[in-house]
Number of protein chains: 2
Amino acid sequence: MSVTAARGFSAAGVAAGIKSNGNPDLALVVNNGPCRAAAGVFTANRVKAAPVVWSEQVIRGGAVSAVILNSGGANACTGAPGFQDTRATAEKVAAVLDGHRAGEVAVASTGLIGTRLPMDRILPGVETVAAALAEDGGEQAAVAIKTTDSVHKTAVFEGEGWTVGGMAKGAGMLAPGLATMLVVLTTDADLDSKALDKALRGATRLTFDRVDSDGCMSTNDTVLLLASGASGKTPEYAAFAEAVRTVCEDLARQLIGDAEGASKDIRIDVVNAATEDDAVEAGRSIARNNLLKCAIHGEDPNWGRVLSAIGTTGASFEPDRLNVAINGVWVCKDGSIGADRDGVDMSGREVVITADLAAGTEAATLWANDLTAEYVHENSAYSS
Amino acid sequence: MSVTAARGFSAAGVAAGIKSNGNPDLALVVNNGPCRAAAGVFTANRVKAAPVVWSEQVIRGGAVSAVILNSGGANACTGAPGFQDTRATAEKVAAVLDGHRAGEVAVASTGLIGTRLPMDRILPGVETVAAALAEDGGEQAAVAIKTTDSVHKTAVFEGEGWTVGGMAKGAGMLAPGLATMLVVLTTDADLDSKALDKALRGATRLTFDRVDSDGCMSTNDTVLLLASGASGKTPEYAAFAEAVRTVCEDLARQLIGDAEGASKDIRIDVVNAATEDDAVEAGRSIARNNLLKCAIHGEDPNWGRVLSAIGTTGASFEPDRLNVAINGVWVCKDGSIGADRDGVDMSGREVVITADLAAGTEAATLWANDLTAEYVHENSAYSS
């Protein structure tokens, strides 16, 4: 159901010939109103793709009437001509749809950095995808934004008379700020852009920002939340924020579960930290430690690599008070040897690392993947 | 010639049975004087192995008469009993050698974190290695500190009537602060600890600190510089500092050349930075980008991943002024598409990435490795 689970939206996904393999590569999501409130969160990378620069500008206007997304090319590091391509795409969408302005059309792109988009395929593709718009087109849209994703990713939360739905793509270059390549969330709740922005930032901070597949931050990360108001309902803010967080968490977990070449999903629970920031910093350092990620791939409960990762951070802790559990077995106690490592069962897909900083009462959970030969293969065998 | 190239030193390496495969695993370097001045630089990891804590204390005393080094176990995260093991090892060395005090015996260990050392092997081993001491024992010592190193690493610089020599081990967990697991440098120059410290810090800052094989910082990194004064010469400080830097650079390059599973050595020249710190920060971010490291393994001149890495830093730059060359071909100009990627030849072992920040006149060079399936295999197949 994806982005069309909420009322007031139509969507479509088509193969426009951007990808050479003929797979779907162009998606359109249209907000049919009555409202067009929207919020967006974008990559913290200072090298931003043209569609990110464009869509940030659109979001500042406070309204989004449509989102056009392409896979098969990131339109990043393409200079002024690349930005002109993004603008031309938005203008084409506005021209093809009735009652839309280019300044309210968000654009998102994903694929190889540093190549121009084939505009001779995209502009006719906009006509094709607009002609295919349907109130149940959410799945096709989700399929069309895939790059190396093995499956398309959607999630839905049903509120009382209102709905939040969404789609995501992302399988590599997943790292905080944001973790995800492209996400579009829709709701038929009637809320203004300010409320949407607050709910979206609160949700991404705890979900996409805490997913770190490979430590690499994208130039194109975009998360959009569009509200049509078609349900006629204005939910309590807290209930709505929780719904957005739930959908984001679901999609974030799907991203980690489908990360390039991964064989394990790693949940990192940092507990008893002095501050939440400390917990996140320690968690990120653990999430990014290649040696640990290799050990987990090999089902080796190598807790020394967890301590070594924590030791590189500025978090508050005393080395001889640190405790680490792997899948519930406290293999490290007081910074030293704890329970027998042989008691740890790491045969499942999910591995839980609990890092107890013994420095306070704050906590954070992060998600990561193991490092595998398949990851290396997927990212060395061809440009992406 | 290693640590015995300089006069006034003897060394040995033996198999003490710490490693289960019977390979050499215990090395001893003795400074026979007349001086015993010394300096040391240690890991910046806050989780420090027992021998690091011990040796930092020894160095603060200003004199080192001997260094005992073992492979086969890091003695890290082993608590108070582990520290007692280190102390007992130093005391044993002092007892076996004439005229030595435990407080002047540095200890270094390398191997798996989180297991106790087999002291029933190490203490008798100290007797064996002391009995094997020889003025040409430097090579054997260098061999005995190997872990996953495929070759032992030594370097020598001949000054005018004085010499600087050294040995190093390290093949994984190589990252700044410091890059190297264990390094012992010796000189027969007559210099005090203060001059040694200044020369050593100056050299490591530009060499071992700028090597980043896998982004993982060790708990055990130790670089020691011992001066015997046996040449009777006191070189000009600048000439001596340059000699130390030359030996460190030689050893650092050998570490990168022998890094676990690597198929490429990557030299990263960051140029036209506003400050040296900016150059180093941008260089480190490039050095640690897994996606780029995979691309280089696949001989793919994926410059977008270089820009994406620079974009995560706080260095001064404008995205649309960045330039990137790979092996001399400027594939990225003004943050956008430059020369044809097909013109880049990446078939050799060494790949040079030049990142032009176009923001000033400072520069820095860093060294890294590619990311390979073999790296994953070496670090997942067994604990290390």
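The values are calculated or read from the model by the stated rules, or taken from the named source; none is laboratory data. Model, not experiment: these values are computed from the prediction. Every residue, glycine as well, gets a Cβ built from its backbone with ideal geometry; the counts of neighbours run over all protein chains shown. Just so you know, the surface numbers come from the protein's heavy atoms only, side chains and all, with ligands and any DNA or RNA stripped out. Shrake-Rupley method; radii C 1.70, N 1.55, O 1.52, S 1.80 Å.
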Cα-centred dipole magnitude for the range A:303-351, charges only on beta-carbon of K, R (+1) and D, E (-1), debye, nearest 20:
120 debye
Only loop residues by DSSP count here, and only those with at most 16 other Cβ atoms within 10 Å; note down the trypsin sites (Lys or Arg not before Pro) in the range A:67-134 that meet that.
A:Arg101, A:Arg116
Take the solvent-accessible surface of the protein heavy atoms, probe 1.4 Å, and return the percent of it on chain B that carbon and sulfur atoms account for.
48 percent
Innermost chain B residue relative to the axis carrying B onto A, by Cβ distance in angstrom
B:Ala373, 2
Taking a cut-off of 21 Å between Cα atoms, list the lysines near A:Lys198, but don't count ones fewer than 8 places away on the same chain.
A:Lys233
Quick one: with label points 7 Å out along Cα→Cβ, list the inter-copy distances for A:Glu318 in nm, shortest first?
5.3
Please give the FRET efficiency for A:Ser150 paired with A:Lys333, using the beta carbon to beta carbon distance and R0 = 56 Å, rounded to the nearest 0.05.
0.90
Would you mind calculating the relative contact order of chain A from Cα pairs under 8 angstrom and at least 6 residues apart, reporting the percent as a whole number?
18 percent
What percent do you get for the relative contact order of the range A:265-380 when only Cα pairs under 8 Å and 6+ apart count?
44 percent
Sparsely packed GluC sites (Glu not before Pro) within the range A:93-140, loop by DSSP, other Cβ within 10 Å at most 16:
A:Glu135
Any idea what angle helix A:79-96 forms with the longest principal axis of chain A, computed on alpha-carbon atoms, 0 to 90 degrees, nearest 10?
50 degrees
Counting sequence-distant residues (5 or more places) and residues on other chains, those with an amide H built under 5 Å from that of B:Ser263 are B:Asp370
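Using a 10 Å cut-off around each Cβ of peptide A:365-378, what is the average number of partner chain Cβ atoms that fall inside? Could you put the intermediate results ahead of the total?
Details: counts 0, 0, 0, 0, 0, 2, 7, 4, 8, 2, 6, 14, 6, 3.
Other-chain Cβ atoms within 10 Å of each residue's Cβ, averaged: 4.
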Regarding chain A, what's the average projected area of the Cα-atom convex hull, expressed in nm²?
17.9 nm²
Going 7 Å from Cα along the Cα-Cβ axis for the label, what nanometre distances separate A:Ala339 from the same residue across the other copies?
5.9
Rounded to the nearest 100 Å², the accessible area hidden between A and B, summed over both chains at a 1.4 Å probe radius, is 4100 Å²
Shielding of B:76-86 by partners, i.e. mean partner chain Cβ atoms within 10 Å per residue?
4
Under the 7 Å Cα-to-Cβ spin-label approximation, B:Gln57 and B:Ala274 lie apart by a distance in nanometres of 4.5 nm
Each label point is 7 Å from the Cα along the Cα-to-Cβ direction; what then is the distance between the points at A:Glu91 and A:Glu350, in nm?
5.0 nm
So what's the back-of-envelope 222 nm ellipticity for chain B, counting only DSSP H runs of four-plus at -39500 (n - 2.57) apiece and dividing by all residues, rounded to 500?
-9500 deg cm²/dmol
Taking a point 7 Å out from Cα toward Cβ as the label site, list the nm distances between A:Gly22 and the same residue in every other copy, smallest first.
6.1
Give me a single rounded figure for B:40-47: the average over its residues of other chain Cβ atoms within 10 Å of their Cβ.
5
